[in-house]
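The values are calculated or read from the model by the stated rules, or taken from the named source; none is laboratory data. The shown structure was predicted, so the numbers you read here are calculated from the model rather than taken from an experiment. All Cβ positions, glycine included, derive from the backbone under ideal geometry; neighbour counts span all protein chains shown. Note: accessible area is taken over every heavy atom of the protein model, side chains too, but ligands, DNA and RNA are not part of it. Shrake-Rupley method; radii C 1.70, N 1.55, O 1.52, S 1.80 Å.
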Amino acid sequence: MALINENFLNLSEDYLFSDIAKKVNAFNLLHPGSKIIRLGVGDVSLPLPTSVISALHTSVDEMADISTFRGYGPEQGYNFLRETIVKNDYEPRGVILDPGEIFISDGAKSDIGNIGDILSRDNRIAVTDPVYPVYIDTNIMGGRAGSFSSTGHWSNIIYIPCTAENRFVPELPEERPDVIYLCYPNNPTGMALSRKELKKWVNYALENEILILFDAAYEAYISDDDVPHSIYEIKGAKEIAIEFRSFSKTAGFTGLRCGFTVIPEELKCRSLKGELVSLNHLWNRRQCTKFNGTAYMVQRAAESVYSPIGKIQVRNMIKYYMRNARVLTENLREIGLEVFGGVNAPYIWIKSPDGLSSWKFFDRLLFERHIVGTPGVGFGPSGEGYLRLTAFGKYEDSLEAVERFKDWMI
Ligand code: PLP
């Protein structure tokens, strides 16, 4: 009989969002007809911009015509999109990349999950804590996490706490990791790193031969000039970092699916023999073997995000969500809550009042105010005592959530 990958048995059965769904279902059974405001899951609420819809229509029509039909595309993505990304996302920020360093995919989650294919199982991983759970779970699957302890930590993973005490700025770890995941602007805390803070990490990685996996899924939400949009804005980063980007939150592609990963030619890691090996080369090989490319129509849709009208529409979409973020942060702060994030990211990170645990705060919000958030502890041990709200809801719901909070707190 075939044997399974035992690492999967180490994964916890209850995924955070299914726990939340169970509690919301229980609430619905007890209070049928109550209006729940859902600010928990980080999914968008606005439809796709019209520029994207018309690019989809046009490309679907191309597929119906023998002269423009496309079958298998390049595994790495079409050059029209790779070139557009280089010109629009990177050149204006002084980052020179070759289209060959951009790999188009069906979203950042797949690439973040799959990148472990080209990295040794023996690498020591570090994460900031709290953290996007995919980084931890994919390393459990890959056999890099070790064993789980009652404190909520995995024995082989280095946790770098980010809390109100250090203003959510990660300090360099005492133990040297081989690979570190950095996500900025951050999910779940909604906080960002300044140029100086990110430089500290890049220099540390350069000095210690550490690979940084930089998740920039929320880059489009940055409003402060001092916050870098790409890790490659920092000198030397091309030698130590892979960057993941997504059209999901930038342009409403959570259902359409498109993202990309940047692996610069300069980026090298070592083989057991000590030779330097290009990660771009390994990832290219991996993609050509295991992936057959993102749909042509979806890549045309992603390209349209960079058209003049597409840029305006996307900017307005982001403005809409960030107005929610402002409404939530300013008002919740006014009623006495300690609130973080919401300036360079669409997430609001709230310290539980009166020392409540994350789940207690969640339960009270749900049962007393019919608002769904996400308990901070679900993102890691340092998330205990916090709750995340998203700004991806409807504006009216964000306003109503504020009123419900006000009734509750006063
Ligand atoms: N990275 C972070 C930090 C996220 O929060 C998410 C989605 O919520 C993703 C990556 C996944 O993005 P995508 O929809 O492109 O798979």
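Numbers below:
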read-out: Inter-label distance for Arg70 and Ala26, nm, one decimal - labels placed 7 Å from Cα along Cα-to-Cβ; value: 4.8
read-out: Carbon/sulfur fraction of accessible area - the range 126-192, other protein chains in place, 1.4 Å, %; value: 52
read-out: Shape call, the chain: gyration tensor on alpha carbons, a/c limit 1.5; value: oblate
read-out: Accessible area of Arg285 in the full protein assembly, 1.4 Å probe (Å², nearest 10); value: 150
read-out: Interchain or long-range residues, amide H under 5 Å from Cys162's placed H; value: Asp129
read-out: Sites Glu91 and Glu275, calculated FRET efficiency, Cβ-Cβ separation with R0 41 Å, nearest 0.05; value: 0.80
read-out: Separation between Cα centres of the range 94-121 and the range 123-158, rounded to whole Å; value: 21
read-out: Placed amide H near His229: partners under 5 Å, 5+ positions off or other chain; value: none
read-out: Filter on Lys199/Lys394; Lys87/Lys109; Lys235/Lys311; Lys109/Lys196 - keep pairs with C-alpha separation over 26 Å; value: Lys199/Lys394; Lys235/Lys311; Lys109/Lys196
read-out: Long-range HN-HN contacts of Tyr386 with modeled amide H, under 5 Å; value: Ser352, Ser358, Gly376, Val377
read-out: 3J(HN,Hα) from dihedral phi, the range 234-240, Karplus parametrisation 6.51/-1.76/1.60, rounded to Hz, x for glycine, proline; value: 9, 4, x, 5, 4, 7, 10
read-out: Phi to ³J(HN,Hα) by Karplus 6.51 cos²θ - 1.76 cosθ + 1.60 over the range 21-26, Hz, x for Gly, Pro; value: 4, 5, 5, 5, 4, 4
read-out: The range 266-356, dipole about Cα centre (Lys/Arg Cβ +1, Asp/Glu Cβ -1), debye to the nearest 20; value: 480
read-out: Mean accessible surface per residue for the chain, computed with a 1.4 Å probe while every protein chain stays in place, in Å²; value: 45
read-out: Stretch gain in nm, segment Glu207-Glu83, where the contour uses 0.36 nm per residue and the Cα spacing is subtracted; value: 41.4 nm
read-out: Highest-MSF residue in the chain out of His370, His153, His229 [GNM, Cα springs under 10 Å]; value: His153
read-out: Ranked order, Asp65, Asp215 - accessible area, probe 1.4 Å, largest first; value: Asp65, Asp215
read-out: The range 59-79-the range 225-257 distance, computed between alpha-carbon centres (Å); value: 27
read-out: Gaussian network model of the chain, Cα within-10 Å springs - most flexible of Leu30, Leu282, Leu97; value: Leu30
